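Here is the structure we will look at, set down as structure tokens.
The values are calculated or read from the model by the stated rules, or taken from the named source; none is laboratory data. The structure presented is a predicted model; accordingly, all values stated were derived computationally and were not measured. Reconstructed Cβ throughout: ideal geometry from the backbone, glycine too, with neighbour counts over all protein chains shown. Just the protein is used for accessible areas: all its heavy atoms, side chains included, with ligands, DNA and RNA removed. Shrake-Rupley method; radii C 1.70, N 1.55, O 1.52, S 1.80 Å.
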Protein chains: 2
Amino acid sequence: MSIEETPYEPYKRYLLEIAYDGTNYSGWQIQPHRVAVQQRVQEILTKMYNGQPIHLIGSSRTDAGVHAQRFAASYLTPVRPDIPTDKILRAVNRQLPGDIKLRTVREVPLEFHARYDALGKAYTYVLNLGDPSPFTDRYTWRPIHRMDVEKIRAASQVLTGTHDYSSFVVERSLIDEAVRTIYRIDVQEFGQFCCVTFVGNGFLYKMIRCLMGTLEAAGAGKLSPEAVRRILEACDRTVAPETAPPNGLFLMKVFYTPEERAGFKLENVPFY
Amino acid sequence: MSIEETPYEPYKRYLLEIAYDGTNYSGWQIQPHRVAVQQRVQEILTKMYNGQPIHLIGSSRTDAGVHAQRFAASYLTPVRPDIPTDKILRAVNRQLPGDIKLRTVREVPLEFHARYDALGKAYTYVLNLGDPSPFTDRYTWRPIHRMDVEKIRAASQVLTGTHDYSSFVVERSLIDEAVRTIYRIDVQEFGQFCCVTFVGNGFLYKMIRCLMGTLEAAGAGKLSPEAVRRILEACDRTVAPETAPPNGLFLMKVFYTPEERAGFKLENVPFY
């Protein structure tokens, strides 16, 4: 526990799962001159604890414009007021703006760390393969080229496993280690929507959007699975296609147990 | 054809079906100091016809914040350029903002009138009976009270038929005739969402939202079907409950044939 986190003796730690429409935010993390989701939630928690400052530790950052179904963040409470979890959920949701809502609140051990204890995450990228729509354009990417879903699926299989994903990282600092494991990439169709779900032990900055840009090129018939493999092996961002836009991307779940990670199913996380 | 509509000899008339997320608009109709959907679409059409002013005639107004799946509006074209319907659809959609899209474009007789020829409309009001959500709050109303869907259904049956709906009209001008026919009110559940669909020959200003306010009170157990009948028969707005908020309301379809009106099914109009 850092002194930055809280000025009072730690009493309880709560883990929140937070859903948000990222359209109007700079992402999760507080940035100068932009409104962050973290800020909105912290302000309301701080008010609820009578002005005692509450600091949220998020499981990661999310980029500006990216959405979340189950972003994870934890905080330490002061001794008083000791507010039960169901009351925290209702009271915070009443005060949050319409585009941010808590999904769950539960107590975790004091030593729990939302970032370091995470065993992985699931992200889903949603492609709209049909007509444009006023009700889904903020939540989907509609590629210009006609997509062959089977080609997306074939290329996605090349990208799973344990690899150096340097070809799929943006604004990488020199000290970052780019080796990650992607356990699964599921490609599923629901009517005119194609959902590409990435389950991994962790993802680098803009990595999913970079991977998705490559899968889109594969779906358009511009890259064979073999070409995708060569891009992966090049460990060079300049050889991979453009980064996909943020608005099609959802952080679906942060895993804290191996069972959660192995058992993740997109169908179990409602999109509404 | 009024001289206001077009300054050129009429050549063809097209009927557009337009979907929009009403959140950021003053409604369909152009109003001083607010951006209207009509304005956005007209600007793009006028540009497409090389600056020859295009005037859209809408089937009705929609209130600020109300959404549409199939709003209907028509316009007369100049002789040149003569643009095919599929090209109009694609070209206009490319230029429209993400929250307005054309669904269909078809040629209709020159004498067709989008308002006077309409034989009725279907509106759907969406209630969220579950937890709040960042992804549906702009498209649903979440009543504070627990809803009994059977009570909503029972009360809705009282409101169908041919009646003077004066108890459910806001800002009514004295010359308005308030007799309308509601053919059906369907109450359907889809997971945590309850959709109330009104099929009628026409609706007065804010009439659906007023009816929905009364159905909500019925769903909360505050009004029996008999009490709803007394409100209807009173022909007095002051005896009915509050008007429901605009964001749960969708104009689903405008009917120009009796067959369309009789055969309307919510399931056939996708919400995305």
**Item:** Count of the stretch B:74-96 residues which are assigned to a loop (DSSP other than H, G, I, E, B) and surrounded by 16 or more Cβ atoms within 10 Å (Cβ to Cβ)
**Value:** 3
**Subset of the stretch B:6-43 (residues that are assigned to a helix (DSSP H, G or I), within 14 Å of chain A (Cβ to nearest Cβ) and open to solvent by less than 40 Å² (accessible area, probe 1.4 Å))** = B:22, B:37, B:41
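Yes or no, residue by residue, for (1) open to solvent by less than 40 Å² (accessible area, probe 1.4 Å); (2) part of a helix (DSSP H, G or I); (3) under 15 Å from residue A:125 (Cα atoms):
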residue	(1), (2), (3)
A:187	yes, no, yes
A:195	yes, no, yes
A:198	yes, no, yes
A:208	yes, yes, yes
A:215	yes, yes, yes
A:227	yes, yes, no
A:230	no, yes, no
A:233	no, yes, no
A:238	no, yes, no
**Complete:** Log entry, pairs with first residue in the stretch A:127-142 being in contact (Cβ under 8 Å) with a residue 24 or more places away in the chain and within 7 Å of chain B (Cβ to nearest Cβ), second being part of a loop (DSSP other than H, G, I, E, B) and of a type in the set (Ser, Thr, Tyr), beta carbons closer than 9 Å, six or more apart or on different chains, reads A:136/B:272
**Request:** Within the stretch A:44-71, count every residue that is of a type in the set (Gly, Ala, Ser), in a loop (DSSP other than H, G, I, E, B) and within 14 Å of another protein chain (Cβ to nearest Cβ).
**Result:** 1
**Request:** Assess whether residue A:62 counts as being within 22 Å of residue A:245 (Cβ to Cβ) and of a type in the set (Val, Ile, Thr).
**Result:** yes
**Request:** Pick out the one residue from B:46, B:23 that is farther than 23 Å from residue B:250 by Cα and among the β-branched types (Val, Ile, Thr).
**Result:** B:46
**Request:** Return yes when residue A:117 is away from chain B (no Cβ under 14 Å) and not in a strand (DSSP E or B) and no when it is not.
**Result:** yes
**Item:** Single condition residue B:199 does not satisfy, out of (1) within 14 Å of another protein chain (Cβ to nearest Cβ); (2) at pLDDT 95 or above
**Value:** (1)
**Asked** If you check residue A:184 against the conditions, is it among the charged types (D, E, K, R), under 16 Å from residue A:223 (Cβ atoms) and in the same structural domain as residue A:227 (by TED's automatic domain parsing)?
**Response** no
**Test: residue in the stretch B:263-272 that is free of Cβ contacts under 8 Å to residues at least 40 places away in the same chain, aromatic (Phe, Trp, Tyr) and surrounded by 14 or more Cβ atoms within 10 Å (Cβ to Cβ)** = yes
**Prompt:** Of (1) in a loop (DSSP other than H, G, I, E, B); (2) more than 30 Å from residue A:65 (Cα to Cα), residue B:136 satisfies all except one. Which?
**Reply:** (2)
**the stretch B:125-151, subset at pLDDT 95 or above and in contact with a helix residue (DSSP H, G or I) (Cβ under 6 Å, 6 or more places away or on another chain), residue most open to solvent (accessible area, probe 1.4 Å)** = B:151
**Asked** residue A:155: assigned to a loop (DSSP other than H, G, I, E, B), open to solvent by less than 40 Å² (accessible area, probe 1.4 Å) and either away from every other protein chain (no Cβ under 12 Å) or within 28 Å of residue B:89 (Cβ to Cβ) (or both), yes or no?
**Response** no
**Fill in**
If you go through B:112, B:71, the only one that is buried (at least 21 other Cβ atoms within 10 Å of the Cβ) and aromatic (Phe, Trp, Tyr) is B:71
**Message:** Quick test of your reading of the structure: residue A:222 fulfils all but one of (1) assigned by TED's automatic domain parsing to the domain that holds residue A:145; (2) surrounded by 14 or more Cβ atoms within 10 Å (Cβ to Cβ). Name the failing condition by number.
**Reply:** (2)
**Complete:** Expected output for the stretch B:219-233 (first residue farther than 22 Å from residue B:144 by Cβ and aliphatic (A, V, I, L, M), partner modelled with pLDDT of 95 or more and assigned to a loop (DSSP other than H, G, I, E, B), Cβ below 7 Å, 6+ apart or cross-chain) is B:232/B:159
